[in-house]
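What follows is a set of notes on a single structure, which appears directly below.
The values are calculated or read from the model by the stated rules, or taken from the named source; none is laboratory data. This one's a predicted model, so the numbers in the text were calculated from it and none came from an experiment. Glycine also receives a Cβ, built like all others from the backbone with ideal geometry; neighbour counts cover every protein chain displayed. Surface accessibility is based on the protein's heavy atoms, side chains included, excluding ligands, DNA and RNA. Shrake-Rupley method; radii C 1.70, N 1.55, O 1.52, S 1.80 Å.
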Amino acid sequence: MLNKPVLVESLIVFAIVLFVHTVVWDRYSWCAVALAVQAFYVQFKWDRLLQLGGAVFQFRTAANSGLLPASMVIPLLGIAMKERCKSAGIVYFERFGIVVASTGMLVALFLSVIAVGITKPVPTNTCVLTGVAGSIIIYTMKHSLTVSEVIEVLEVLLIFVYLSMILLYLLPRCFTPGEALLVLGGISFVFNQLIKRSLNVIEGRGDPIDFFLLVAVVGVVLLGLFFTVLFIFMDSGTWISSMFFHMMTAVLGLGVIMPWLYRLIQRNPLFWLLQFLFQTQTRVYLLVYWTFLAASACGVVFYQNAKRSSESKKHQASTITRKYFHFIVVATYVPGLIYDCQLLYVAAVLCLAVFIFLEYIRYFRIKPFGQTLRYLLSLFLDERDSGPLILTHIYLLLGMSLPVWLFPRSCAPKGTLSGAGALVPYSGVLAVGVGDTIASVFGSTMGEIKWPGTKKTFEGTMTAIFAQIIAVALILIFDSSVNLNSSYAWILVSVSLVSLLEAYTTQIDNLLLPLYLQIMFMV
């Protein structure tokens, strides 16, 4: 039987799907509803496989499969993007939104078929539902996509299959099936977009900061795959291996990644980046301010580790202590969103690359800092870091950055969307920086009434909703570009649904919540 928290989580996701499609009902809505229904049933099978240890790969055990909430994110994002760009008359990005939605549906359907295929005995009813959903999706794709778009969707699916086989084998217990769908699906799409744009480079076309994101993500992933394979055959903790790591990082960075970026933006990447970062006085002030906040975050890490050394070796950072970093991230992102969103975009990409590179150093025990990073970061581990990688801080950065990166700038001629859409870049700040933080702090200190079947409290959820409404009011005061056009009821519904999802989901909320809030705001 499906337990109550998973059932409530599924009902919340269904509510979000229905709310979205009351606004944008079209032929893709039938596909989304069919996908949601079959994902709900297949989630039974995945949960059973995880409990019995029958899954092909080792997934994170302290959570359910999360297939339904993860399956709906990419399709809903594509549908929301399609509608926004259609209303703005941008045909290219309207078609791009259709491709995103179709890709998300096909990848989610593939993961469902895998679960059904390895379940013994074969679940007849679920097979029928999966077949019906697949037929609806494929029929709609046949009548909606051009031949080149179908090839693009299949390319992403192929990359997803290979990445899943490689990364889920190399990184056991790092993901649930739903988290793997989101993370690996996103990386697969980035890979495909970079290959597509590299083969069709037209001088002067395309925004350099978009290319910068694509190359950075693909570069760090390829770097990790290269060293993972290499260190199978040699000990990564020796000085010789560490010197080779640093040397090959420089070779791959300067010999592969930089020329690749040069081909795309048609200028020297380092000169372009320096010119971009120091283009205006406002950017210099923001960079100095962010450097101070980064130093403060490092100070928190060192201080907490000093307390561990003086008190007890078993000392672990409390929930409230971990939320310090949420406050620091909010203080980082809000000025960037108000004064220079493009600088925030590029700075977030750089920060992501640095975070992943430091995680490689920690994971491979690269000298001289690998062992030190292992010791410092072990203090902040929680039950979600059950695999060999520590990903929670990377998920926090992604949750705050994805609404900025995925903001449809080309479909917003004045730099901002109308109505609730104006809050799209703030989705991460509201959902994770304010809502999740306040819910955790108040719930753990003052909460008494627990939601059935969870450790989350009613007081924490209600306080989170109230705090996000106050944050929206403050955004209206300090950001003159935001104009909600009386869409306050929709904002309240969106914030409430996402806060309820936070209370019941066992997936990585730093990643899931901002995306759902962004979807609600975009439609």
- What is the calculated FRET efficiency for Val354 to Val128, with r their C-beta to C-beta distance and R₀ = 45 Å, to the nearest 0.05? 0.40
- Task: Place the peptides 123-130, 168-175 in order of packing, highest mean first, counting for every residue the other Cβ atoms within 10 Å and averaging per peptide.
- Result: 168-175, 123-130
- Task: Give me the number: length gained by fully extending Asp207 to Thr291, i.e. 0.36 nm times residue separation minus the C-alpha to C-alpha distance, one decimal in nm.
- Result: 27.6 nm
- Item | Label-to-label distance, nm, for residues given as Ile195 and Met446 (7 Å Cα→Cβ offset) | 5.3 nm
- Task: Round to the nearest 10 and report in Å² the accessible area of Asp207, as given by a 1.4 Å probe over the protein chains' heavy atoms.
- Result: 50 Å²
- Message: Test of understanding: what is the full-extension gain from Leu252 to Val300, defined as 0.36 nm times their sequence separation minus their Cα-Cα distance?
- Response: 13.9 nm
- Item | HN-Hα J in Hz across segment 502-509 - Karplus 6.51, -1.76, 1.60, θ = phi - 60°, x for Gly and Pro | 4, 5, 10, 7, 10, 7, 5, 5
- Note on the structure: Using alpha-carbon positions, the gyration tensor of segment 243-400 gives root eigenvalues a ≥ b ≥ c; with a/c under 1.5 called rounded, otherwise prolate if a/b exceeds b/c, else oblate, the class is oblate
- Task: For Thr457, list long-range residues whose amide hydrogen, built 1.01 Å from N in the peptide plane, is under 5 Å from its own amide hydrogen.
- Result: Trp451
- Hey, rough spin-label estimate for Ala331 and Leu381, points 7 angstrom out along Cα→Cβ, what's it come to in nanometres? 2.9 nm
- Note on the structure: Singleton cysteines, the chain, no second Cys beta-carbon under 4.7 Å -> Cys31, Cys127, Cys174, Cys298, Cys341, Cys351
- For segment 332-342, in order, what is each residue's ³J(HN,Hα) by Karplus, 6.51 cos²θ - 1.76 cosθ + 1.60 with θ = phi - 60°, in whole Hz (x at glycine and Pro)? 7, 7, 4, x, x, 5, 7, 9, 7, 5, 5
- Using a 1.4 Å probe on the protein chains only, how many percent of the accessible area of the chain belongs to carbon and sulfur? 69 percent
- Label point distance in nm, Thr146-Leu158, each placed 7 Å from Cα along Cα→Cβ: 2.0 nm
- Query: Among rounded, prolate and oblate, which fits segment 82-147 when a ≥ b ≥ c are the square roots of the eigenvalues of its C-alpha gyration tensor, a/c under 1.5 means rounded, and a/b larger than b/c means prolate?
  - Reply: prolate
- To the nearest 10 square angstrom, what accessible area does Trp30 show with a 1.4 Å probe? 150 Å²
- Query: For the chain, what class follows from the C-alpha gyration tensor (a ≥ b ≥ c being the square roots of its eigenvalues): rounded when a/c is under 1.5, otherwise prolate if a/b is larger than b/c, else oblate?
  - Reply: rounded
- Here segment 434-441 yields Karplus 3J(HN,Hα) values (6.51, -1.76, 1.60; θ = phi - 60°; whole Hz; Gly and Pro given as x) of 9, x, 4, 5, 5, 4, 5, 5
- Query: Accessible surface of Lys456 in the full protein assembly, 1.4 angstrom probe, to the nearest 10 Å²?
  - Reply: 70 Å²
- Where segment 1-175 is the region considered: accessible area per residue in Å², 1.4 Å probe: 44 Å²
- Message: Just to confirm my numbers, what's the Cα centroid distance between segment 49-92 and segment 398-468 in Å?
- Response: 19 Å
- Task: Using a 10 Å cut-off on Cβ atoms, rank the peptides 237-244, 448-455 from the highest mean neighbour count down.
- Result: 237-244, 448-455
